1. Among the residues of region 137-146 satisfying the criterion of being assigned to a helix (DSSP H, G or I) and surrounded by 17 or more Cβ atoms within 10 Å (Cβ to Cβ), which is modelled with the lowest pLDDT?
2. Restricting the search to region 1-29, which residues are of a type outside the set (A, V, I, L, M), over 14 Å from GLY131 (Cα atoms) and not in a loop (DSSP other than H, G, I, E, B)?
3. Could you please find all residues in region 118-136 being surrounded by fewer than 16 Cβ atoms within 10 Å (Cβ to Cβ) and either farther than 14 Å from GLY40 by Cα or without any contact (Cβ under 8 Å) to a residue 60 or more places away in the chain (or both)?
4. I'm trying to understand the selection: among the residues of region 21-72, which are free of Cβ contacts under 8 Å to residues at least 40 places away in the same chain and hydroxyl-bearing (Ser, Thr, Tyr)?
5. Contact list please: Cβ distance under 9 Å, first residue in region 90-109 and in contact (Cβ under 8 Å) with a residue 60 or more places away in the chain and over 14 Å from ASP72 (Cα atoms), second residue buried (at least 18 other Cβ atoms within 10 Å of the Cβ) and acidic (Asp, Glu), pairs at least six apart or on different chains.
Amino acid sequence: MPESRLLLSDETATAAFAERLSARTRPGDLLLLSGPLGAGKTAFARAFIRARAADPELEIPSPTFTLVQSYDLPTPIWHYDLWRLSGPAALEELGWDEAQSGIVLVEWPDRLSPLTFPHALHITISPMAQGREITLRGEERWFDAS
């Protein structure tokens, strides 16, 4: 699977990258956000969703406790945080099948196990002394978004 890395200086640069990437997504896209606690996964998701909604002030609560937040946009977005998920079987109750018709963002995708799709874009966010490193793995179409 092709891979690309980029360095982003701060949260503003990370948000700008998320905005550019959001313009390239289409229904059925699955973005898997990995990285340690506090790496910026939720900040990335917020910038992505606000850009798709064309509303920089849109309230984007973290789905840490609800496990999923959905956004009724022209292309619906489903934002999952699977940190507390008991296992992939619990996704059925969270609208996982319905979500596949929209754009899906998943924090802590390691909890998906067999449900990860081959066409998913894997985004790993790694904090660094100065900013963040973003690693993308997925189809070629994603790599000119950087």
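1. Pass one, region 137-146, residues assigned to a helix (DSSP H, G or I): 140-145.
Imposing the further condition that a residue be surrounded by 17 or more Cβ atoms within 10 Å (Cβ to Cβ) reduces the set to 142, 145.
Details: TRP142: 75, ALA145: 48.
It comes out as ALA145.
2. Here is the first cut: in region 1-29, the residues of a type outside the set (A, V, I, L, M) are 2-5, 9-12, 14, 17, 19-20, 22, 24-29.
Those still in the list that are over 14 Å from GLY131 (Cα atoms) too: 2-4, 19-20, 22, 24-29.
Within region 1-29, GLU3, SER4, GLU19, ARG20, SER22 qualify.
3. Of everything in region 118-136, those that are surrounded by fewer than 16 Cβ atoms within 10 Å (Cβ to Cβ) and either farther than 14 Å from GLY40 by Cα or without any contact (Cβ under 8 Å) to a residue 60 or more places away in the chain (or both) turn out to be PRO118, HIS119, ALA129.
4. SER22, SER62, THR64, THR66, SER70, TYR71 - these are the residues of region 21-72 that are free of Cβ contacts under 8 Å to residues at least 40 places away in the same chain and hydroxyl-bearing (Ser, Thr, Tyr).
5. Note: pairs meeting the criteria are VAL106/ASP81; GLU107/ASP81; TRP108/ASP81.
The values are calculated or read from the model by the stated rules, or taken from the named source; none is laboratory data. What you see is a predicted model, and the numbers here were worked out from it, not measured in a lab. In this analysis, Cβ positions are derived from the backbone assuming ideal geometry, glycine residues included, and neighbour counts consider all displayed protein chains.
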